[in-house]
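Taking it in order: structure first as structure tokens, then the write-up.
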Amino acid sequence: MKILLVGSGGREHAIAWKINQSPRLEKLYVAPGNAGTRSVATNIDIPESDIQSLKNFALQEEIDLTIVGPETPLALGIVDEFMELGLPIFGPTASAARLESSKSFAKAVMEKWSIPTGSHEVFSDPQKAVTYLEGLDTFPTVLKADGLAAGKGVYICQDKSEAMTALNDLMVTKVFGDAGTTLIVEEFLDGWELSAFAFSDGETTSSLVAACDYKRIGEGDTGPNTGGMGAFSPPKLWDKNLIGQIEDQVINPIVQAMKTDHEPFVGTIFAGMMITDKGPKVVEFNCRLGDPETQVILPLMKNDILDVFTSCVNGELKRIKVEWGKDTSVAVVLASGGYPGGYATGYLVNGLEAVCDSVNVFHAGTKLNSEGKIVTDGGRVLSVNTLGKNINEASETAYECIEKINFDDMYYRKDIAK
Ligand code: AMP
Ligand code: GLY
């Protein structure tokens, strides 16, 4: 098969690495990719949101299947546009991707289908939101931008004054642009979090896999939110009972809801879950694989990933059983100092050749400089993935390996999977 993978992060390097193991693969292209995807694929210089150029490329190269990594091209309708031309593509349509691109849409579907989630109110008029917050007496409360904000449009407010500041940021100053035109005020959910993933062909879903992600920049979960600074899989509690609850109360109903009321959801359902003492509740839905969760879950996948993607696209997922290994998988993200705020790029990445073969170093913000050397090119630069019989073994190996890698301003959390 000739495959085109869209995206350029650590998630896409991990997907490309896994695709590269498939006996069905004839040729793999990544658009635009990074210095890591170059080692397993051919990078194509087309940005992830340039749908017209991606379509032209897929037609010209007779691509058998396109796989979309990030949410932005999905929300822009890449799947709809490819399908119009009969080009096979893995991912949800723009309408189905509203589960991620519109939190108010996702909330309305969950409410109708009794999928457990926090109670909420939606506002498009800032004055009405102010009046509501003035009357609110339960804190913390959560304010969210309705639209896509790269995981950063969420404010956990401890009191009324913090809530008013957040409202001002989102709806008046519009720090996330139009994403803040509509505001969600949500019940604060207390518990521990996991990211649950299932593949869907619109009707059938695969077995679940889950990971825990470290969202804050600082050790001990302090400081601002990031895209994710590390992850491990499986979560410490991931038993039949919890898996069954998430399947029966969340994954199966959301797929049925989309098929019955909207458009079938084909792609990866990513349920951000809070495990509360009243059971699992949905924090958010995403319509793609997570980053850095992908870097820990794909090394556990036993299947040929092209079988999984093609079965979803062809509506034949019930023919295969998606299986996950029993090891524990850990990933630690190496970032540029300053991230998630401003940071410098262009620093040489040293020591990659010293990393042993059993460790996966997935690239995110890297590129080759004019001398063909790998340099930093983003906030999250690398993620170091290791497998072990248990979480301690996996995290020890990851941190030993990180000692060998360096670049100027390198920053990472030392408490991942600890
Ligand atoms: P989201 O972008 O909706 O996943 O939110 C980002 C992060 O904010 C989540 O992973 C949670 O850690 C936190 N968060 C979001 N909504 C809530 C909530 N209702 N209660 C508690 N924490 C939340
Ligand atoms: N790591 C969270 C996300 O990919 O949204």
**Fill in**
Expected single match for buried (at least 20 other Cβ atoms within 10 Å of the Cβ) and within 16 Å of ligand 1 (Cβ to nearest atom) among Cys312, Cys212 is Cys212
**Request:** Confirm whether Met171 is open to solvent by 50 Å² or more (accessible area, probe 1.4 Å) and not charged (D, E, K, R).
**Result:** no
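Residues checked against (1) within 26 Å of Val296 (Cβ to Cβ); (2) surrounded by fewer than 18 Cβ atoms within 10 Å (Cβ to Cβ); (3) touching a strand residue (DSSP E or B) at 6+ places or on another chain (Cβ under 8 Å); (4) free of Cβ contacts under 8 Å to residues at least 24 places away in the same chain:
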residue	(1), (2), (3), (4)
Leu4	yes, no, yes, no
Glu12	yes, no, yes, no
Pro23	yes, yes, no, no
Asn43	yes, no, yes, yes
Pro47	no, yes, yes, yes
Ile51	no, no, no, no
Gly91	yes, no, yes, no
Glu100	yes, no, yes, no
**Item:** Breaking point among (1) open to solvent by less than 10 Å² (accessible area, probe 1.4 Å); (2) closer than 19 Å to Glu247 by Cα; (3) not hydroxyl-bearing (Ser, Thr, Tyr), for Ile184
**Value:** (2)
**Asked** Can you tell me which residues in the stretch 275-285 are within 14 Å of ligand 2 (Cβ to nearest atom) and either of a type in the set (Ser, Thr, Tyr) or open to solvent by 10 Å² or more (accessible area, probe 1.4 Å) (or both)?
**Response** Val283, Glu284
**Asked** Within the stretch 258-270, can one find any residue that is without any contact (Cβ under 8 Å) to a residue 12 or more places away in the chain and of a type in the set (Gly, Ala, Ser)?
**Response** no
**Prompt:** Using beta carbons and a limit of 8 Å, which pairs, at least six apart or on different chains, have the first residue in the stretch 120-144 and in contact (Cβ under 8 Å) with a residue 40 or more places away in the chain and among the hydrophobic types (A, V, I, L, M, F, W, C) and the second one surrounded by fewer than 17 Cβ atoms within 10 Å (Cβ to Cβ) and part of a strand (DSSP E or B)?
**Reply:** Val142/Ile156; Val142/Glu187
**Request:** Run Asp178 past the list (1) exposed (fewer than 15 other Cβ atoms within 10 Å of the Cβ); (2) modelled with pLDDT of 90 or more; (3) among the charged types (D, E, K, R) and report the number of the one that doesn't hold.
**Result:** (2)
**Request:** Take the residues in the stretch 204-221 that are acidic (Asp, Glu) and over 15 Å from the mean Cα position of the chain (by Cα), then tell me which one is nearest to ligand 2 (Cβ to nearest atom).
**Result:** Asp221
**Message:** Return the residues of the stretch 53-73 that are closer than 28 Å to Thr345 by Cβ and open to solvent by less than 20 Å² (accessible area, probe 1.4 Å); say none if nothing qualifies.
**Reply:** Leu54, Ile67, Val68, Gly69, Pro70, Pro73
**Asked** Leu306: within 16 Å of ligand 2 (Cβ to nearest atom) and within 27 Å of Pro23 (Cβ to Cβ), yes or no?
**Response** no
**Asked** In the set Ile320, Ile246, Ile254, which member is more than 16 Å from ligand 2 (Cβ to nearest atom), open to solvent by 10 Å² or more (accessible area, probe 1.4 Å) and on the phi < 0 side of the Ramachandran plot?
**Response** Ile320
**Message:** Quick check on the stretch 277-286. Is at least one of its residues within 16 Å of ligand 1 (Cβ to nearest atom), of a type in the set (Gly, Ala, Ser), out of contact with any Cys (no Cβ under 8 Å at 6 or more places or on another chain) and in contact (Cβ under 8 Å) with a residue 24 or more places away in the chain?
**Reply:** yes
**Request:** Output yes when any residue across the stretch 108-122 is under 16 Å from Arg288 (Cβ atoms), among the small types (Gly, Ala, Ser), open to solvent by less than 40 Å² (accessible area, probe 1.4 Å) and modelled with pLDDT of 95 or more, and no when none is.
**Result:** no
**Request:** Looking at (1) of a type outside the set (S, T, N, Q); (2) more than 30 Å from Gly337 (Cα to Cα); (3) open to solvent by less than 10 Å² (accessible area, probe 1.4 Å), find the lone condition where Gly228 falls short.
**Result:** (2)
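The values are calculated or read from the model by the stated rules, or taken from the named source; none is laboratory data. Note that this is a predicted model, so its numbers are computed, not measured. Using ideal geometry, Cβ is built from the backbone for each residue, glycine included, and neighbour counts are taken over all protein chains shown. Just the protein is used for accessible areas: all its heavy atoms, side chains included, with ligands, DNA and RNA removed. Shrake-Rupley method; radii C 1.70, N 1.55, O 1.52, S 1.80 Å.
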